[in-house]
Amino acid sequence: MKLLLVEDDDNKRQQVLELLRATFPKLEVKVASSLISALRKLKSEKPEIVLLDMTLPNYDLEEGATAGGLHAFGGEEFLRQTKRFGLSPAVVVITQFETFGDPPNDKGLVQLDEELRATFPTLYKGAVYYHASIYDWTSELIEKLETSIPEVSGCR
């Protein structure tokens, strides 16, 4: 089973990768750091699961560097394009922000979660709030993966 981790923050990406490797060692994990590279890997790799950051840079410049400005709703654009491509991975948003966008168009995580559930009911499986120094996110992510994608349990 393939999983695509879409994350531009090095520390967060490493912590999520360590958790995935320790918990689901049989998962084949691919990584993308920007919206465009994530869409390319989505089309070429066709993962069954996507762990998606919401705020993403538009492009990769070179390994480890990104550009094109931060797209506050890059994850939402990823979901739109996934649907347009006719692909259907299970998508879980993992974010370290509680608010997205700028006033008056800002949204809290709860509002964003509700909107994504309504707009992408077959793709979107929910959101996990990540915090680097509080590890509640680890058990929440494992539980969300195992309940929304039961096949992932076979990757233990």
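The values are calculated or read from the model by the stated rules, or taken from the named source; none is laboratory data. Treat the numbers as computed from the prediction; the structure is a model and nothing was measured. For neighbour counting, all protein chains shown are included, and Cβ atoms are generated from backbone atoms with ideal geometry for every residue, glycine included.
State which residue pairs qualify: first residue farther than 16 Å from L56 by Cα and inside the stretch 88-113, second residue acidic (D, E) in any location, beta carbons under 6 Å apart, and separation of 6 or more residues or different chains.
P89/E48
Select, from T147, T122, the only residue that is in contact (Cβ under 8 Å) with a residue 24 or more places away in the chain, surrounded by fewer than 16 Cβ atoms within 10 Å (Cβ to Cβ) and more than 25 Å from D9 (Cα to Cα).
Answer to the check: T122.
Could you count how many residues in the stretch 29-56 are among the small types (G, A, S), in contact with a Phe, Trp or Tyr (Cβ under 7 Å, 6 or more places away or on another chain) and either surrounded by fewer than 16 Cβ atoms within 10 Å (Cβ to Cβ) or part of a loop (DSSP other than H, G, I, E, B) (or both)? Walk me through it before giving the result.
Initial filter on the stretch 29-56 (among the small types (G, A, S)): 32-34, 37-38, 44.
From what's left, in contact with a Phe, Trp or Tyr (Cβ under 7 Å, 6 or more places away or on another chain): 34, 38.
From what is left, the residues that are either surrounded by fewer than 16 Cβ atoms within 10 Å (Cβ to Cβ) or part of a loop (DSSP other than H, G, I, E, B) (or both) are 34.
Count: 1.
Can you tell me which residue within the stretch 58-68, out of those that are touching a strand residue (DSSP E or B) at 6+ places or on another chain (Cβ under 6 Å) and not polar (S, T, N, Q), is modelled with the lowest pLDDT? I'd like the intermediate steps shown before the answer.
Taking the stretch 58-68 first, the residues touching a strand residue (DSSP E or B) at 6+ places or on another chain (Cβ under 6 Å) are 58-61, 66-68.
Keeping just the survivors that are not polar (S, T, N, Q) gives 59-61, 67-68.
Values: Y59: 78, D60: 77, L61: 62, A67: 56, G68: 59.
This residue is A67.
Based on this model, can you work out whether F73 counts as more than 13 Å from the chain's Cα centre (by Cα) and among the aromatic types (F, W, Y)?
It is false that F73 is more than 13 Å from the chain's Cα centre (by Cα) and among the aromatic types (F, W, Y).
Could you tell me which of the residues K12, K26 is assigned to a helix (DSSP H, G or I), over 24 Å from G86 (Cβ atoms) and touching a residue at least 40 places away in the same chain (Cβ under 8 Å)?
Numbers: K26 fails: assigned to a helix (DSSP H, G or I).
Going through K12, K26 in turn, just one is assigned to a helix (DSSP H, G or I), over 24 Å from G86 (Cβ atoms) and touching a residue at least 40 places away in the same chain (Cβ under 8 Å): K12.
So, in the stretch 128-144, exactly how many residues are in a strand (DSSP E or B), surrounded by fewer than 17 Cβ atoms within 10 Å (Cβ to Cβ) and hydrophobic (A, V, I, L, M, F, W, C)?
Here the count works out to 1.
Considering only residues that are within 14 Å of the chain's Cα centre (by Cα) and crowded, with 16+ Cβ neighbours inside 10 Å, which ones fall in the stretch 16-28?
Kept after step one, since they are within 14 Å of the chain's Cα centre (by Cα), are these residues of the stretch 16-28: 16-17, 20.
Selection gives V16, L20.
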